[in-house]
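All remarks here apply to the structure that follows.
The values are calculated or read from the model by the stated rules, or taken from the named source; none is laboratory data. Bear in mind that the values here come from a model prediction, so they are computed numbers and not experimental data. We place every Cβ from the backbone using ideal geometry, glycine too, and count neighbours over all the protein chains shown. With ligands, DNA and RNA removed, areas are computed over all heavy atoms of the protein, side chains included. Shrake-Rupley method; radii C 1.70, N 1.55, O 1.52, S 1.80 Å.
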Amino acid sequence: ETGVTQTPRHLVMGMTNKKSLKCEQHLGHNAMYWYKQSAKKPLELMFVYNFKEQTENNSVPSRFSPECPNSSHLFLHLHTLQPEDSALYLCASSLRAGTRDSPLHFGNGTRLTVT
Amino acid sequence: EDQVTQSPEALRLQEGESSSLNCSYTVSGLRGLFWYRQDPGKGPEFLFTLYSAGEEKEKERLKATLTKKESFLHITAPKPEDSATYLCAGSNTDKLIFGTGTRLQVFP
């Protein structure tokens, strides 16, 4: 496999559930990101990991918890979500964070619906 | 506040009808201006990076240009397969500030 792979593609969860989103990149990159995409809003950066270290937490509520065990894998653990958290969650990677010559490569996202 | 604004929000073109998409930015210390294409149900796909005013880049029917205040994505003789949402983003330090995108539909 090549590129950035996200699973699952679709997820429906109740407000009291706990679930996790998974992302894997096969590009040899060292930075990984979580973005939230809602209709008619700009892509919203949530978390950044650079060489497995979290370098950015963009004021994200604690019901979202990221985990980066190595440079190829990224998880987003979800618990007690709200309906307004329903969105497309995109994972991305780049060669390294903080350089302008390192464009983001995105996965195809997980469409999350919170009921 | 750093901001990126794209216009129009949506654009419908006949096949072969050339047009331009606009991306206006106010990003302090701009390090790069990025264009992405996003198809329905997929993640954004990288197209171009522009670094300085006056720079131009081309790929097939697409040409991106950059001034000190805005970027344009020119689409020459578009085909139905060019239909997608086009996103632009400005980079300062290590953050990308995205616009809301232009949804392009090209009809045969």
List the residues of region B:24-59 that lose 50 Å² or more of accessible area once all protein chains are present, compared with their chain alone (1.4 Å probe, heavy atoms only, no ligands or nucleic acids). B:Arg31, B:Pro44, B:Tyr51
In chain A, what percent of the accessible surface is made up of carbon and sulfur (1.4 Å probe, ligands and nucleic acids excluded)? 47
Mind checking how much accessible area A and B bury in total, 1.4 Å probe, in Å² rounded to 100? 1700
Diffusion coefficient, µm² s⁻¹, Stokes-Einstein with Kirkwood Rh over alpha-carbon pairs of chain A at 10 °C and 1.306 mPa s: 113
Charges only on Cβ, +1 for Lys and Arg, -1 for Asp and Glu: so what's the dipole of region A:6-68 about the Cα centre, in debye to the nearest 20? 360
Viscosity 1.567 mPa s, temperature 4 °C, Stokes-Einstein D of chain B from Kirkwood C-alpha radius, µm²/s: 94
1.4 Å probe, heavy atoms, protein only - residues of region A:94-110 losing at least 20 Å² accessible area vs chain alone: A:Gly98, A:Arg100, A:Asp101, A:Pro103, A:Leu104, A:Phe106, A:Asn108
To check my understanding: the extent here is largest minus smallest coordinate of the Cα atoms along each principal axis. What are those three numbers for region A:55-114, in Å, largest first? 37, 21, 20
Loop-only GluC sites (Glu not before Pro) in region A:1-105, please: DSSP not H, G, I, E or B, and at most 12 other Cβ atoms within 10 Å. A:Glu1
Largest to smallest principal axis extent of the C-alpha atoms in the protein assembly as shown, angstrom: 50, 37, 36
For region B:17-88, the accessible surface attributable to carbon and sulfur atoms (probe 1.4 angstrom, ligands and nucleic acids excluded) amounts in percent to 49
For the protein assembly as shown, with every protein chain kept in place, what is the accessible area per residue (1.4 Å probe, Å²)? 49
Among the lysines, which fall within straight-line cross-link reach of B:Lys79, defined as a Cα-Cα distance under 20 Å, with same-chain neighbours fewer than 8 residues apart omitted? B:Lys42, B:Lys57, B:Lys59, B:Lys63
